[in-house]
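Inspection log for the structure reproduced underneath, given as structure tokens.
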Amino acid sequence: MTRKQRRVAARKTENTVRIIGGQMRSRKIHFSEVDGLRPSTDRIRETLFNWLQPVLGGANCLDLFAGSGVLGFEALSRGAASVMLVERHAQILSCLREQVTVLELQLHCQVREADVLQWLRSNPEQAYDVIFLDPPYRQDLLAKSCELLADGGWAHPGTRIYLEAERELGEPVLPQGWSLLRSAQAGQTGYFLAEA
């Protein structure tokens, strides 16, 4: 193996995250090497999916700012009925589509190319049962996304909304009518579960 081939192989190894539970447990997800792309850690996902376990079976999920797609793929592995992955970055989209094919999830997983904030201003095709909201850090996207979700009919009463942001921001300001169910911190990350 040449030095270049070793570097490419090492990069591919670095750009993987594994599904930690359910039917696809231990399957690896490959993701694009893009600045700012940081999949949720195993520790955070373990806590999150423990929180979601009572409502995840048969749920229709929406993964906004999908990135690696690991939250959506983990949800499908643990019994969700469907996932819509929304992402705008071309390189990330290509990788997401490839992973959907590799994992044979075409019947349960759609990949939508869109700017999340613009897309949330459109009319929803349905209200979702679980929404994952983990936007890029330091771009002030969390509050705007929550407002659009609440105002646009993307969530129904009882929808669970997962929020992840920089720890220093503290608890997110939630739209009227939403309640905070859970919160935790890991390293520089604060993560929260809300209910619409």
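The values are calculated or read from the model by the stated rules, or taken from the named source; none is laboratory data. Given the structure is predicted, the values throughout are model-derived calculations rather than measurements. Quick reminder, even Gly has a Cβ in these numbers, built from the backbone with ideal geometry, and neighbours come from all protein chains shown.
Residues checked against (1) buried (at least 23 other Cβ atoms within 10 Å of the Cβ); (2) in a helix (DSSP H, G or I); (3) at pLDDT 95 or above:
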| position | (1), (2), (3) |
| --- | --- |
| Gly67 | yes, no, no |
| Leu85 | yes, no, yes |
| Leu107 | no, no, yes |
| Gln110 | no, no, yes |
| Phe132 | yes, no, yes |
| Pro136 | no, no, no |
| query | Of (1) out of contact with any helix residue (DSSP H, G or I) (no Cβ under 8 Å at 6 or more places or on another chain); (2) surrounded by fewer than 17 Cβ atoms within 10 Å (Cβ to Cβ); (3) at pLDDT 95 or above, Gln91 satisfies all except one. Which? | reply | (3)
| Could you count how many residues in segment 150-179 are free of Cβ contacts under 8 Å to residues at least 40 places away in the same chain and surrounded by 14 or more Cβ atoms within 10 Å (Cβ to Cβ)? | 10
| field | Residues of segment 87-99 satisfying the condition of being in a loop (DSSP other than H, G, I, E, B) and in contact (Cβ under 8 Å) with a residue 40 or more places away in the chain | value | His89
| query | When only residues in segment 100-148 that are free of Cβ contacts under 8 Å to residues at least 60 places away in the same chain and polar (S, T, N, Q) count, which is farthest from Arg160 (Cα to Cα)? | reply | Thr101
| remark: Apart from one, (1) out of contact with any strand residue (DSSP E or B) (no Cβ under 7 Å at 6 or more places or on another chain); (2) closer than 12 Å to Leu62 by Cβ; (3) among the hydroxyl-bearing types (Ser, Thr, Tyr) all hold for Tyr128; the odd one out is (1)
| request: For residues that are in contact (Cβ under 8 Å) with a residue 24 or more places away in the chain and not in a helix (DSSP H, G or I), scanning just segment 36-57, find the one that is surrounded by the most Cβ atoms within 10 Å (Cβ to Cβ). | output: Ser40
| remark: Of the residues in segment 86-101, those that are farther than 12 Å from Phe31 by Cβ and among the aliphatic types (A, V, I, L, M) come to Val86, Ala90, Val100
| remark: The one condition Lys144 fails out of (1) surrounded by 14 or more Cβ atoms within 10 Å (Cβ to Cβ); (2) over 23 Å from Leu48 (Cβ atoms); (3) not hydroxyl-bearing (Ser, Thr, Tyr) is (2)
| message | So, Arg160, is that one basic (Lys, Arg), in a strand (DSSP E or B) and either under 20 Å from Pro39 (Cβ atoms) or at pLDDT 95 or above (or both) or not? | response | yes
| request: Could you grab me the full set of residues in segment 163-196 that are among the hydrophobic types (A, V, I, L, M, F, W, C), under 16 Å from the mean Cα position of the chain (by Cα) and either modelled with pLDDT under 95 or in a helix (DSSP H, G or I) (or both)? | output: Ala165
| In segment 127-148, residue farthest from Thr47 (Cα to Cα) [restricted to those that are of a type in the set (A, V, I, L, M) and touching a Phe, Trp or Tyr at 6+ places or on another chain (Cβ under 9 Å)] | Leu148
| task | List the number of the failed condition for Glu74; all other conditions in (1) assigned to a loop (DSSP other than H, G, I, E, B); (2) acidic (Asp, Glu); (3) touching a residue at least 24 places away in the same chain (Cβ under 8 Å) hold. | result | (1)
